[in-house]
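Notes for the one structure printed next.
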Amino acid sequence: MKGTSFRYLAVLLLIIISGCSQKDDLPTDINLHRVILFSAVPLDYRHLKRDIGGECNFERITKELNGDYSVIGWAIPSIGASSIALTYLISVNTNNSLRFGLAQKQDRSDVADHFKNMQLLNVGFLARFKKSDLQSGSCINIYQVYDQTILKCKNDLNFKEDGIEPCP
């Protein structure tokens, strides 16, 4: 009888413990989605050849309530592309220190509609930066991992506190 009581107690304890969810303890703020910058292209992509090309557009940089920044835009390998980039990398060049991070992909039906190519639906990118990672005067660029190549956008962005412009 004691063995059975012990098993019931163990099962009850297991049910109680498994009923607790860790997700209740996780913060849900925007900080979970920030770009983590590395001093080089992430290892998974270093073996790929590099080229300059594709079509891309930085649409805006938004200052968030917590003082951080969001960079939003889109990038495509070409207007008539039959497939799109698997991954977007974003670079930040500050004081000759070039760092890379992964940007989040986003659906952009407006881009697909504009180019009349529904293959271009998921070509948007979003990158959220801590204020300390995106200093005024930083040059930002977007890279597309496409067809065993890292395509660097021809246009880069010079971030200033009061706006954006091409890098010098």
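Could you give each residue of the stretch 92-109 its phi-based ³J(HN,Hα) in whole Hz, using Karplus coefficients 6.51, -1.76, 1.60 with θ = phi - 60°, and x for Gly or Pro?
Using θ = phi - 60°, the values come out as 10, 10, 10, 6, 6, 10, 8, 10, 10, x, 8, 9, 7, 7, 9, 5, 9, 5 Hz.
How much length, in nm to one decimal, is gained on full extension between Asp147 and Arg34, taken as 0.36 nm per residue of separation minus their Cα-Cα distance? Write out the running numbers ahead of the final one.
Details: separation 113, 0.36 × 113 = 40.68 nm, distance 2.66 nm.
That pair, Asp147 and Arg34, stretches by 38.0 nm at full extension.
Order Glu161, Glu64 by their accessible area, 1.4 angstrom probe, all chains in place, largest first.
Working: Glu161 105, Glu64 35 Å².
The residues order as Glu161, Glu64, largest area first.
Quick one: compute a quarter of the convex hull surface over the Cα atoms of the stretch 58-118 and quote it in nm². Working shown, then result.
On the way: hull surface 22.1 nm².
Computing the convex hull of the Cα atoms and averaging its projections yields 5.5 nm².
Once the mean 1/r over all distinct Cα pairs of the stretch 66-168 is inverted, what Kirkwood radius in angstroms do you read off?
Working: mean 1/r = 0.0702 Å⁻¹.
14.3 Å is the Kirkwood radius here.
Mind giving me the nanometre distance, one decimal, between the label points for Leu121 and Thr62, set 7 Å out from Cα along Cα→Cβ?
Result: 2.3 nm between the two label points.
Just order 38-47, 79-88 by mean Cβ neighbour count inside 10 Å, highest at the front, would you?
Values: 38-47: 11.7, 79-88: 15.7.
Peptide ranking by packing, descending: 79-88, 38-47.
Would you mind counting up the charge near Leu86? Only other residues with Cβ under 14 Å from its Cβ, with Lys and Arg at +1 and Asp and Glu at -1.
Details: positive: Lys105; negative: Asp44, Asp147.
Net local charge, Leu86 excluded: -1.
Strictly over 22 Å apart at the Cα level, which of Lys49/Lys131; Lys63/Lys160; Lys105/Lys130; Lys49/Lys130; Lys131/Lys154; Lys49/Lys152 would you flag in this model? All intermediate terms of the calculation are to be shown ahead of the outcome.
Details: Lys49/Lys131 31 Å; Lys63/Lys160 11 Å; Lys105/Lys130 19 Å; Lys49/Lys130 30 Å; Lys131/Lys154 25 Å; Lys49/Lys152 11 Å.
Pairs exceeding the cut-off: Lys49/Lys131; Lys49/Lys130; Lys131/Lys154.
What nm distance separates the two modelled labels at Leu48 and Ser97, each placed 7 Å from Cα along Cα→Cβ?
Here the modelled spin labels are 2.6 nm apart.
Pulled fully out, how much extra length does the chain show between Thr87 and His114, if you take 0.36 nm times their separation in residues and subtract their Cα-Cα distance?
Values: separation 27, 0.36 × 27 = 9.72 nm, distance 2.18 nm.
Stretched out fully, the Thr87 to His114 stretch lengthens by 7.5 nm.
Accessible area of the stretch 28-92 with a 1.4 Å probe: how many percent of it is carbon plus sulfur?
Numbers: 1960 of 3620 Å².
Taking all protein chains in place, the stretch 28-92 shows 54 percent carbon and sulfur surface.
The values are calculated or read from the model by the stated rules, or taken from the named source; none is laboratory data. A quick note: this is a predicted structure, and the numbers were derived from the prediction, not measured. Glycine gets a Cβ as well: all are built from the backbone with ideal geometry, and neighbour counts include every protein chain shown. Please note that ligands, DNA and RNA were not included when accessible areas were found on the heavy atoms of the full protein model with its side chains. Shrake-Rupley method; radii C 1.70, N 1.55, O 1.52, S 1.80 Å.
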